[in-house]
Amino acid sequence: MKTPLALMQAEVENALESDSLASAPRQFLSDLSDQCSRLSEIVDGLLLLARADDRRLVLAHEPIDLVRLLRELMEDAEILAQRAGLILECELADPVMARGDRRLLARAVMNLIDNAIKHNRVGGRVAIAVSTSNGEATLRIGNTGPGLAPDAAEHIFDRFYRGDTSHSSETPGHGLGLSIALEIARAHGGDVLLIHSDADWTEFQLVLPLAGQEPF
């Protein structure tokens, strides 16, 4: 499915380069390009989950400073937070070393940050911090917002789950971000946990073994 989508998007982008294209069809093609990108993202996510289900998720095993990784991701996170009218707080100090796949871990972290930004309120905040204990690194991502109902909390990591149906159509996304983050963490011998959620604050934790403690 990825190849037809890639071909379709390439054709659309080629058409958009035409100087003779009128404004109405240009807008239509631009919208179509956005939808192709969204479908491609969904397909990529489903392929990752399928590989994880079959234990075929291939990981690089490289040393990763999680604090440095977070600092590199903060620029994109700041842009997303500002667009949503949110304050982004980040507490980072000494290096925290793990081993694994840098690209996949970056994806897991950004999925959690993106979730905290989407399920928030105007003028709210997102707080990110890293700590270590008992051979594990813990990345905490918390956000203001409406919180989760008890029944929603039970299904929050289910694939395509969108939470409160009365608000799901207003919140962008496809319901795969948290399940992808969870599978990436588990492939690294870690986990993603919903620690707390009420009307004022929701917090997730990404837990990973420190370098030298990983099971692979």
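What are the semi-axes of the equivalent ellipsoid for the chain, taken as the square roots of 5 times the Cα gyration tensor eigenvalues, largest first, in whole Å?
Semi-axes, largest first: 31, 22, 18 Å.
So what is the calculated 222 nm ellipticity per residue for the chain, using -39500 (n - 2.57) for each DSSP H run with n of 4 or more, over all residues, to the nearest 500 deg cm²/dmol? Mind showing how you got there, number by number?
Numbers: 7 runs with 102 residues, N = 216.
Counting only the DSSP helices, I get -15500 deg cm²/dmol.
Under the criterion of Cα pairs below 8 Å and six or more residues apart, the relative contact order for segment 62-215 equals 26 percent. Between ARG51 and PHE157, the modelled labels are 2.0 nm apart [label points 7 Å from Cα along Cα→Cβ]. Put a plus charge on the Cβ of each Lys and Arg, a minus charge on the Cβ of each Asp and Glu, and nothing anywhere else: the dipole of segment 62-209 about its Cα centre is then about 300 debye. Relative to the longest principal axis of the Cα atoms of the chain, helix 177-187 runs at roughly 50 degrees. For the residues HIS61, HIS119, HIS174, a GNM of the chain with alpha-carbon springs under 10 Å puts the largest fluctuation on HIS61.
Remark: the LEU193-ASN14 segment gains 60.1 nm on full extension, using 0.36 nm per residue and subtracting the alpha carbon distance.
Approximating the spin labels as points 7 Å out from Cα along Cα→Cβ, the HIS61-to-ASP94 distance works out to 2.7 nm. Under 10 Å, Cα contacts only: if you run a Gaussian network model on the chain, which one of ALA24, ALA81, ALA98 comes out with the highest mean-square fluctuation? Of ALA24, ALA81, ALA98, the most mobile in the Gaussian network model is ALA24. A DSSP coil position with no more than 15 other Cβ atoms inside 10 Å describes the following trypsin sites (Lys or Arg not before Pro) in segment 37-83: ARG55, ARG56.
Residues considered: GLN205, GLN35, GLN27. Largest GNM mean-square fluctuation over the chain, using C-alpha springs under 10 Å, is found at GLN27. Close amide H pairs (under 5 Å, H built 1.01 Å from N) link GLU136 with LEU210, residues at least 5 positions away or on another chain. Averaging 1/r over each pair of different alpha-carbon atoms in segment 127-166 and inverting the result gives 12.6 Å, the Kirkwood hydrodynamic radius.
Every number in this text was worked out from the coordinates using simple rules, so none of it is lab data. All values reported here derive from a predicted model rather than from experimental measurement. Cβ sites come from the backbone with ideal geometry, for glycine too, and all protein chains shown count toward neighbours.
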